[in-house]
Amino acid sequence: MTSSMTAFARQQSEHEWGTLVWEIRSVNHRYLEPSFRMPDSLRHLEGPLREQLRSSVQRGKVDAQLRFHPNAAATNSITINEEVLKQLQITTAQIVSRFPGSAPLNPLDVLRWPGLVVENEQDTKIIEEKTQQLFAATLQGLLQQRIREGAQLKILIEDRLQAVSNIVATIRSELPRIVSAQADRIRNQFAELQLQLDPQRLEQEIVLITQKADIHEEVDRLDTHVKEVLHTLNQKAAVGRRLDFLMRSEGTRLNSSH
């Protein structure tokens, strides 16, 4: 399957305890190189998230960033333990009945009583689950964008391969004329120089020169290369490494031939 390595995805989820935002972006890279940026309170989830990423993405430099905006009202709210308060009232009333002249109890002192105030702590398990679920959705969005862009790239590559095939076909049909023209040009050059050569020797030299200039083998090889690239593009598995190898090997061969 032709899949691009360049993509971006963003997902956001709202909850009573806060907002989660995942952003994942990927660019070209020979290998998979993931990078995570997360709040310290959720950093322990990085390991499982990396494994989830590796199971879906094989190549590319991938940056994943999580933003967590806690709901201040939910984080800072407190609750009074009614049972403790009731016991405190009963005990206070008993003390006042025995010491009528005692000073009234200060409400702030009451709030300091152990166990009276219960802080509403966030449910970390729920936050972790929602973080992982949102990451999965964002990763799926990234993969879908890579597939869409890969499909467009496949069309562009196929168009260029068709253009190369057309050029190859034109060259192949023109080769006899080109070889004949080269032989005529050599004969004309010898005639202009008025060189007296044995006709048989002249023909042998012409044959040698035209053989060196013959590009039938190169044309056939290029035609085969185009067919192999097209075959690779239509594979269901990842094709990036194979395409990279084909491009590099052909480029190296063309450079060495010059």
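Just one of (1) without any contact (Cβ under 8 Å) to a residue 60 or more places away in the chain; (2) part of a loop (DSSP other than H, G, I, E, B) fails for Ser4. It is (1).
Suppose we filter Leu45, Leu20, Leu49 for residues that are touching a Leu at 6+ places or on another chain (Cβ under 6 Å), closer than 21 Å to Lys125 by Cβ and either charged (D, E, K, R) or modelled with pLDDT of 95 or more (or both); which single one remains? Give the steps one after another, and end with the answer.
Details: Leu45 fails: touching a Leu at 6+ places or on another chain (Cβ under 6 Å); Leu49 fails: touching a Leu at 6+ places or on another chain (Cβ under 6 Å).
Of Leu45, Leu20, Leu49, the one residue that is touching a Leu at 6+ places or on another chain (Cβ under 6 Å), closer than 21 Å to Lys125 by Cβ and either charged (D, E, K, R) or modelled with pLDDT of 95 or more (or both) is Leu20.
So for the stretch 99-111 (the condition being surrounded by fewer than 11 Cβ atoms within 10 Å (Cβ to Cβ), at pLDDT 75 or above and in a helix (DSSP H, G or I)), does at least one residue qualify? The answer is no, given that none of the residues of the stretch 99-111 is surrounded by fewer than 11 Cβ atoms within 10 Å (Cβ to Cβ), at pLDDT 75 or above and in a helix (DSSP H, G or I). Flag: Arg146 matches the condition of being modelled with pLDDT of 75 or more, in a helix (DSSP H, G or I) and under 30 Å from Arg54 (Cβ atoms).
The values are calculated or read from the model by the stated rules, or taken from the named source; none is laboratory data. No experiment lies behind these values; they were computed from the predicted model shown. So basically every Cβ, Gly included, is an ideal-geometry build from the backbone, and we count neighbours across all protein chains shown.
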